[in-house]
Amino acid sequence: MAAVLEIADLKKLARRRVPKMFFDYADSGSWSEGTYRANESDFQKIKFRQRVAVDMTNRSLATQMVGQDVAMPVAIAPTGLTGMQHADGEILAAQACEEAGVPFTLSTMSVCSIEAVAAATSKPFWFQLYVMKDKDFAGRLIDRAKAAGCSALVLTLDLQILGQRHKDLRNGLSTPPKFTPHHIWQMATRPRWCLGMLGTSNRSFGNIVGHAKGVKDLRSLSSWTAEQFDPKLSWEDVAWIKERWGGKLILKGILDAEDAVMSLQTGADAIIVSNHGGRQLDGAISSIEALPEIVAAVGDKVEIHMDGGIRSGQDVLKAVALGAKGTYIGRPFLYGLGAMGKAGVTKTLDIIRSELDVTMALCGKRDIRQVDSTILR
Ligand SMILES: Cc1cc2nc3c(=O)[nH]c(=O)nc-3n(C[C@H](O)[C@H](O)[C@H](O)COP(=O)(O)O)c2cc1C
């Protein structure tokens, strides 16, 4: 196996090991994928100032996100269907995060359930909530996350209706799932993936099947999902969710300064500047471009996180320099997982940690908490 030195190496490996329809599900944005690409390429436009003859010993990446200690300002973003990149994907990624000292966020649309991830880990993880029309079900999800000891709730606001992803439609991943000879061929050519899947019972949407009324299998689930996301979601909904949850609340999917100002009224602990990894509004600006104006608008009143396009520790450092107290990675960890399971997620975090550490030093800083925009040109 060729050396794995950067996230792009893990992506190459994942492409070889994960059935095409699931690899494509991760590696896609909506419509033209312009915003998906801009999320990555806009990081390249930001330049560091190289500093020399500065003491670079005793460096620290440790900091806090929503008052919780983290080994570095990087969390795992919630991603649906993670257990289809690799058998038991959510459990393996949560375990890798626990060992690395960074937060793992479990998606509502995960394959392994909240309870399954809690049973396989010993430190609290975070739970991401999609608001459904069935408020009773959403409320029960919140209660289940509480019972599992989750230490933050990430409420996603940018997916009331779904942006169209061409690759998913072309692959037939859209609802209802079809298992044609073509799909069976895609899976049969990935024997390692198949073996993993045969060895686990986690093969459906674990948070939903058997928990939501009338959903017993994947087929009824597909129509349920299409009908269930709530297009009427409003700021008032955030209030009842905050109350029912009662713990740390993070609002995900803010890309506009006006919405950032609106979000202040909710009393949320943090907001995530995000465009859902370029999977929703194609033509929206990249997250890293949006970050400075949101920091300028509300940065002194609420903790600001960001995600979208981070592919290296250098990218994390740029986001932190522009005012993000924390960042999240989506595809980088999915590529690691698809490439090498739990060891691949650990590798993803190791790569990003070491890039972040050395780059911070070369910018003349020893403590991530001291990094600000003065490290940028
Ligand atoms: C395959 C995939 C599935 C996703 N599923 C969810 C989800 O269930 N809930 C959510 O809030 N965001 C979801 N997202 C968005 C991520 O949380 C995050 O915003 C995005 O991946 C960050 O961009 P990056 O992949 O470039 O790091 C998903 C992203 C991907 C790539």
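The values are calculated or read from the model by the stated rules, or taken from the named source; none is laboratory data. Computed from a prediction, not measured in an experiment: that's the story for all the values here. Quick reminder, even Gly has a Cβ in these numbers, built from the backbone with ideal geometry, and neighbours come from all protein chains shown.
Looking only at segment 35-60, residues that are in contact with an Asp or Glu (Cβ under 6 Å, 6 or more places away or on another chain) and among the hydrophobic types (A, V, I, L, M, F, W, C) come to 1 in all.
Does segment 185-200 include one or more residues that are within 25 Å of Asp307 (Cα to Cα) and among the aromatic types (Phe, Trp, Tyr)? The answer is no; no qualifying residue exists. Selection of first residues in segment 204-215 that are closer than 18 Å to Asp88 by Cβ and of second residues that are buried (at least 17 other Cβ atoms within 10 Å of the Cβ) and among the acidic types (Asp, Glu), restricted to Cβ pairs under 6 Å at least 6 apart or on distinct chains, gives an empty result. With respect to (1) surrounded by fewer than 18 Cβ atoms within 10 Å (Cβ to Cβ); (2) more than 14 Å from the ligand (Cβ to nearest atom); (3) within 23 Å of the chain's Cα centre (by Cα); (4) within 21 Å of Leu129 (Cβ to Cβ), the lone exception for Ala239 is condition (3).
Conditions tested, residue by residue: (1) within 20 Å of Arg311 (Cβ to Cβ); (2) of a type outside the set (Gly, Ala, Ser).
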| site | (1), (2) |
| --- | --- |
| Leu13 | yes, yes |
| Arg37 | yes, yes |
| Ala53 | no, no |
| Ala71 | yes, no |
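Annotation note: Cβ proximity below 7 Å between a residue of segment 269-295 that is farther than 26 Å from Asp24 by Cα and in contact (Cβ under 8 Å) with a residue 12 or more places away in the chain and a residue that is in a loop (DSSP other than H, G, I, E, B) and within 14 Å of the ligand (Cβ to nearest atom) (sequence gap 6+ or interchain) occurs for Ala290/Leu255; Leu291/Ala324. Has segment 184-206 got any residue that is at pLDDT below 95, in contact with a strand residue (DSSP E or B) (Cβ under 6 Å, 6 or more places away or on another chain) and surrounded by 17 or more Cβ atoms within 10 Å (Cβ to Cβ)? So far as segment 184-206 goes, no, none of its residues is at pLDDT below 95, in contact with a strand residue (DSSP E or B) (Cβ under 6 Å, 6 or more places away or on another chain) and surrounded by 17 or more Cβ atoms within 10 Å (Cβ to Cβ). Only a single item in (1) within 15 Å of the ligand (Cβ to nearest atom); (2) in contact (Cβ under 8 Å) with a residue 40 or more places away in the chain is not met by Met306, and it is number (2). So which residues in segment 87-102 are surrounded by fewer than 17 Cβ atoms within 10 Å (Cβ to Cβ) and not charged (D, E, K, R)? Within segment 87-102, Gly101 is the sole residue that qualifies.
Among all residues of segment 214-224, there is none that is in a strand (DSSP E or B), farther than 20 Å from Tyr328 by Cα and within 16 Å of the ligand (Cβ to nearest atom). Of all the listed residues (Arg279, Arg311), the sole one being charged (D, E, K, R), within 13 Å of the ligand (Cβ to nearest atom) and closer than 17 Å to Gln44 by Cβ is Arg311. Would you check if Gly196 is touching a Gly at 6+ places or on another chain (Cβ under 8 Å), touching a residue at least 24 places away in the same chain (Cβ under 8 Å), farther than 29 Å from Tyr36 by Cα and not hydrophobic (A, V, I, L, M, F, W, C)? So Gly196 fits the description; yes.
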